[in-house]
1. Could you please find all residues in region 138-194 being of a type in the set (D, E, K, R) and without any contact (Cβ under 8 Å) to a residue 60 or more places away in the chain?
2. Specify the residue that is farthest from PHE66 (Cα to Cα); the eligible residues are those in region 121-175 that are open to solvent by less than 50 Å² (accessible area, probe 1.4 Å) and outside any helix (DSSP H, G or I).
3. Quickly run through region 48-75 and pick out the residues that are β-branched (Val, Ile, Thr) and closer than 21 Å to GLU92 by Cβ.
4. Go through (1) assigned to a helix (DSSP H, G or I); (2) within 26 Å of GLN36 (Cβ to Cβ); (3) free of Cβ contacts under 8 Å to residues at least 12 places away in the same chain for GLU92 and report which single condition fails.
5. Could you check, for region 73-83, whether at least one of its residues is without any contact (Cβ under 8 Å) to a residue 12 or more places away in the chain, basic (Lys, Arg) and under 23 Å from ALA22 (Cβ atoms)?
6. When only residues in region 20-38 that are at pLDDT 90 or above and outside any strand (DSSP E or B) count, which is most open to solvent (accessible area, probe 1.4 Å)?
7. Can you confirm whether region 61-74 contains a residue that is assigned to a helix (DSSP H, G or I), within 17 Å of GLY120 (Cα to Cα) and open to solvent by 60 Å² or more (accessible area, probe 1.4 Å)?
8. Of all the residues that make up region 97-120, how many are of a type in the set (Gly, Ala, Ser) and part of a helix (DSSP H, G or I)?
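The values are calculated or read from the model by the stated rules, or taken from the named source; none is laboratory data. The shown structure was predicted, so the numbers you read here are calculated from the model rather than taken from an experiment. Glycine also receives a Cβ, built like all others from the backbone with ideal geometry; neighbour counts cover every protein chain displayed. Only protein heavy atoms, including side chains, enter the accessible area calculation; ligands, DNA and RNA are left aside. Shrake-Rupley method; radii C 1.70, N 1.55, O 1.52, S 1.80 Å.
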Amino acid sequence: MSSDDVAHGAISYTFKPSLAGAVRQFELTDAGLAWQVGGRRGTWPYASIAAVQLSYRPVSMQPRQFRADIVGGNGQRQVVLSTSWKGFALVETQDEAYRAFMLALHRRIAEAGGGAAFHGGMRPIPYALAAGVLILFAIVMVALIARALATDAVAGALFLLALAALFAWQIGGFMRRNKPCIYTPDRLPPQLLP
């Protein structure tokens, strides 16, 4: 985002969430957050935005995707993704544009003085359940590796160790980034922005 963007008062962000989905366009205007999804459109004054939820949501075609759920005062929800489908098998990251848009959106919400709630990561109960499952998985893996070593199945133990390391790397990163948090619009959680 340049100083020209700020001077003109309008900052925009566009993405396509899926191959068959409609293009989603968002613009930060003086009147509020203007959005258009297919044939639907609207403008939410910044003070009427009820909540912003940032999260990290990798998918198969894009293992590094960030997501923002913006909830209007009427309960309507708009989703903003940091990636965009560009073709049948091509998903493009838009890290810089997404980051600039999120920072500007939070700044404008704060300037409007609304009572928006700012949450990051997963909801606490699903996060706690997922953490419990991961702890159970770790206990089972340690028991299996110990059993394999006790029966002199070193190759099996190494395989289980490699599998556990891969799982910990993939799922551990997801859990670390999506730890539940409450933040302020001037201090966005860095793990939830590209």
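1. Of the residues in region 138-194, the ones of a type in the set (D, E, K, R) are 147, 152, 176-177, 179, 186-187.
Those that are of a type in the set (D, E, K, R) and without any contact (Cβ under 8 Å) to a residue 60 or more places away in the chain: ARG147, ASP152, ARG176, LYS179, ARG187.
2. The selected residue is ALA153.
3. VAL59
4. (1)
5. Yes; the residues of region 73-83 include at least one that is without any contact (Cβ under 8 Å) to a residue 12 or more places away in the chain, basic (Lys, Arg) and under 23 Å from ALA22 (Cβ atoms).
6. In the first step, residues of region 20-38 are kept if they are at pLDDT 90 or above; the result is 23-37.
In the following step, the residues that additionally are outside any strand (DSSP E or B) were identified as 23, 29-32.
Values: VAL23: 68, THR29: 31, ASP30: 136, ALA31: 73, GLY32: 0 Å².
This residue is ASP30.
7. Of region 61-74, the ones assigned to a helix (DSSP H, G or I) are none.
Scanning region 61-74, I find no residue that is assigned to a helix (DSSP H, G or I), within 17 Å of GLY120 (Cα to Cα) and open to solvent by 60 Å² or more (accessible area, probe 1.4 Å), so the answer is no.
8. Going residue by residue through region 97-120, those that are of a type in the set (Gly, Ala, Ser) are 97, 100, 104, 110, 112-117, 120.
Those still in the list that are part of a helix (DSSP H, G or I) too: 97, 100, 104, 110, 112.
Total satisfying the criteria: 5.
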